[in-house]
């Protein structure tokens, strides 16, 4: 996968949440695509998001910043954003940014479905 490749796959969950499976590099070159995708979900009144980070190889602070904006908007609408199964590298960045204090970060889809 090239450094600027980034994939977003959305799936509906049985509890009404949306599972976003991300893959590739989430950085200054790709974060706008994710931001626009989430804005589209919010426009459709889908405010409960599970973000699967198991396929994300790299995340920058710009990429991670998308989640802060999304969490604020989701919570304003009684929704939530749960981060699922980040890779070791991504988890390190999230912890360095203090995201483990703000977000529910879980290891399994079952836990994410309960948390969202």
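The values are calculated or read from the model by the stated rules, or taken from the named source; none is laboratory data. What you are looking at is a predicted structure, and each value in this text was computed from that prediction instead of being measured. Heads up, the Cβs are rebuilt from the backbone with ideal geometry, glycines too, and the neighbour counts pull from every protein chain shown.
Structure data summary
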item	result
Residue in the range 14-24 that is over 19 Å from residue 109 (Cβ atoms), at pLDDT 95 or above, assigned to a helix (DSSP H, G or I) and over 12 Å from the mean Cα position of the chain (by Cα) present	no
Per-region count, the range 56-93, residues part of a strand (DSSP E or B) and under 21 Å from residue 41 (Cα atoms)	6
Condition met for residue 25 (crowded, with 17+ Cβ neighbours inside 10 Å, without any contact (Cβ under 8 Å) to a residue 60 or more places away in the chain, under 16 Å from residue 60 (Cβ atoms) and out of contact with any strand residue (DSSP E or B) (no Cβ under 7 Å at 6 or more places or on another chain))	no
